[in-house]
1. With respect to the cross-link table entries LYS6/LYS106; LYS74/LYS119; LYS74/LYS115; LYS75/LYS106; LYS74/LYS106; LYS7/LYS106, which display a Cα-Cα separation exceeding 21 Å?
2. Taking the Cα centre of the chain as the origin, how large is its charge dipole in debye, to the nearest 20, when only Lys and Arg (+1) and Asp and Glu (-1) carry charge on their Cβ atoms?
3. For ALA87 and GLU48, what does the FRET efficiency come to when R0 = 25 Å and r is the distance between their Cβ atoms, rounded to the nearest 0.05?
4. Just to be sure I follow the definition: excluding the sites themselves, where is the longest run in the chain that has none of the GluC sites (Glu not before Pro) in a DSSP loop with at most 13 other Cβ atoms within 10 Å?
5. Applying 1/(1 + (r/R0)^6) with R0 = 25 Å to the Cβ-Cβ distance of LYS119 and GLN72, what FRET efficiency is obtained, to the nearest 0.05?
6. Could you check which residue among ALA42, ALA69, ALA105 shows the biggest mean-square fluctuation in a GNM of the chain with a 10 Å Cα cutoff?
7. Starting from 0.36 nm per residue, how many nanometres of slack lie between GLU112 and ASN32 once their C-alpha separation is accounted for?
8. Calculate for the chain the 222 nm mean residue ellipticity that helices alone would give, adding -39,500 (n - 2.57) per DSSP H run of length 4 or more and normalising by residue count, nearest 500 deg cm²/dmol.
Amino acid sequence: MKNHFKKNILVVEDEDINYFFICMMLVDSQANVFRAINGLDAINLVIEKPNIDLVIMDIQLPVMNGWDAIIQIKKNNIRLPIIVQTAYAHKENRCNELGCDGFIAKPYSPGELLKLVNKFIED
C-alpha cells in the first residue's frame, strides 16, 4: 500500500524501537515526522507547530501520560486528529471518552496503521 500523504505527523513515543518502527511504516507516505517523548513535549510541539496534521499518541509516557496530553491538545485544537496506540487494548473506551479520533492496539501491522493514518490525513 503506497500513500503519499506529504503531511506533518507527530509521533509521541518514548521508546526508541517503537518510534523507529512507526517511522519505518510511514516512510512511503513521505510525511514529515516529528517526535515527542512525553506528553508535555507533545503539547508544546502542537503549539509550536500549528501545521501538525495528525498525532499518533502512546499512553504510557514519562513526565505526562498520553491521556493528560490528549485532554490539553484537544482543549487547544479539537479538530486535530489523535490516534492512540497502546498495548492496553481495553483502553479504547477511555480513548473515545477523551475525543480521540482513532485507536490501535499494539502489536499492529504496517497495513493497519497506514489504513488508520490514511483515514485522517488523505487530501
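The numbers here are math on the coordinates, done by the rules we state, and not lab data. Note that the coordinates shown come from a computational prediction; the quantities given were computed from them, not determined experimentally. No Cβ is skipped: glycine too gets one built from the backbone with ideal geometry, and neighbour counts run over all protein chains shown.
1. Long pairs (Cα-Cα over 21 Å): LYS6/LYS106; LYS74/LYS115; LYS75/LYS106; LYS74/LYS106; LYS7/LYS106.
2. My answer is approximately 300 debye.
3. For R0 = 25 Å, the calculated efficiency reads 0.30.
4. Result, exposed sites excluded: 16-121.
5. Efficiency computed from Cβ-Cβ geometry: 0.60.
6. Looking only at ALA42, ALA69, ALA105, the biggest GNM fluctuation is shown by ALA105.
7. Stretched fully, the GLU112-ASN32 segment lengthens by 26.8 nm.
8. On the way: 5 runs with 50 residues, N = 123.
So the calculated ellipticity at 222 nm is -12000 deg cm²/dmol.
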